[in-house]
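What follows is a single structure, written as structure tokens, with notes after it.
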Ligand code: HMG
Ligand code: MG
């Protein structure tokens with residue numbers, strides 16, 4: 001009894017590219033986002049309005065949002081850690097803003113320079129402003145399966161942050177394996193615990209593939225009713241505040257899995273493969289999607 005349809009949120013232009021050391025021009029990012037929207041994604045994380053000193057690669061977010069060819073019905077999202085980020089997202093006509101917290105105190109400090117409780121206080125006005133302006137509000141919870149600084153993260157800590165994000169009025173909550181350490185049974189335990197605080201239809205799985213477990217964790221999530229997943233075209237990504245973390249699970253691999261399971265995504269895999277080869281060429285390296293490379297070689 002797997003779902004017959006899933007929503008895939010393409011996060012490559014943000015989570016993927018934010019971690020690239022070589023700078024990627026706004027024009028290339030725009031070309032990537034436009035290829036992805038043409039491939040059928042209805043959800044693309046395209047921008048991040050954070051301090052350019054902390055994440056230089058996202059400094060071009062205003063230009064990217066100004067230059068993309070917006071497809072009607074496509075939701076272009078932006079990360080907004082505080083009101084300064086929210087104002088920029090609003091001016092850039094983001095459709096959805098993403099507040100991002102953590103289930104780990106240590107990671108919260110390293111990533112956004114404040115405690116979990118302080119972060120929720122910063123998010124509250126962002127959440128309120130999003131509602132006032134009719135923007136969709138999503139929350140991401142990092143280190144829900146393990147933390148590079150504190151190690152284990154208790155289920156109760158995840159449940160607590162999910163509850164706080166729910167109380168802020170979030171439309172969707174992402175449970176993130178920032179450093180890609182989760183395994184399948186653990187994934188189910190965390191997802192079920194999150195689902196005790198928030199409706200499972202609006203919980204997303206955000207998996208990184210550091211330990212090669214992301215597809216197994218997605219399958220395990222499907223089994224307990226999760227039907228929203230994040231992925232990066234060509235497996236782009238990592239996290240500047242999580243040393244050694246590799247990219248998100250590759251979108252092409254996820255689409256190949258869903259195709260095999262007969263689960264509808266509404267996305268054209270061949271066009272995503274092309275987009276993946278395009279960005280890999282721009283970065284001067286091979287794509288990191290196994291399915292993408294195999295299909296491109298055919
Ligand atoms: P802070 O230093 O505590 O904030 O940073 P502050 O309010 O004291 O401001 C300090 C400076 O930052 C000021 O500039 C502000 O103007 C500027 P200065 O006066 O020094 O020139 N500033 C901003 N600039 C642009 N946009 C803003 C903004 N806010 C303040 N919105 C802050 C706090 C959160 C801003 C900072 O820590 C930061 O930007 N951190 C970056 C966090 C980040 O982007 N991490 C990566 C994304 S999260 C992720 O990838 C995980 C995820 O994928 C899920 C998963 O896998 O786990 C989502
Ligand atoms: Mg991530």
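We did not get these values from a lab; they are worked out from the coordinates using the rules stated. The structure presented is a predicted model; accordingly, all values stated were derived computationally and were not measured. Here the Cβ positions follow ideal geometry from the backbone for every residue, glycine too, while neighbour counts run over all protein chains shown.
Details
- Take the Kirkwood radius over Cα pairs of region 1-133, plug it into Stokes-Einstein at 37 °C and 0.692 mPa s, and you get 212 µm²/s for translational diffusion.
- Of every Cα-Cα pair in region 123-167, the percent that sits beyond 16 Å: 47
- Convex hull of Cα atoms in the chain, direction-averaged projection (nm²): 13.3
- Beta bridges per DSSP with both ends in the chain, % antiparallel, nearest 5: 5
- Cα-based convex hull volume of region 195-298 per residue, rounded to whole Å³: 115
- Reduced Cα scattering model of region 151-213, Debye log10 I(q)/I(0), q = 0.20, 0.25, 0.26, 0.29 Å⁻¹: -0.75, -1.11, -1.18, -1.36
- Distance cut-off 19 Å, percentage of C-alpha pairs in region 16-72 lying past it: 24
- All Cα-Cα distances of region 53-123, cut into 5 Å bins from zero to the largest, leave 3, 16, 23, 22, 17, 11, 6, 2, 0 percent in each bin in turn.
- As a rough footprinting exposure proxy, the listed residues 183, 251 were ranked by other beta carbons within 10 Å of their own, and the order from fewest upward is 183, 251.
- Highest-first arrangement of 213-224, 129-140, where packing means the average Cβ count within 10 Å: 213-224, 129-140
- Fewest neighbouring Cβ atoms within 10 Å first, the residues 116, 179 line up as 116, 179.
- If both residues of a DSSP beta bridge must be in region 93-163, then about 10% of such bridges are antiparallel.
- Distance between modelled label sites at residue 1 and residue 87, nm, 7 Å Cα→Cβ extension: 5.0
- Segment residue 63-residue 150, length gained on full extension (0.36 nm per residue, minus Cα span): 27.6 nm
- Rounded FRET efficiency, nearest 0.05, which uses the C-beta distance separating residue 261 from residue 199 and R0 of 25 Å: 0.65
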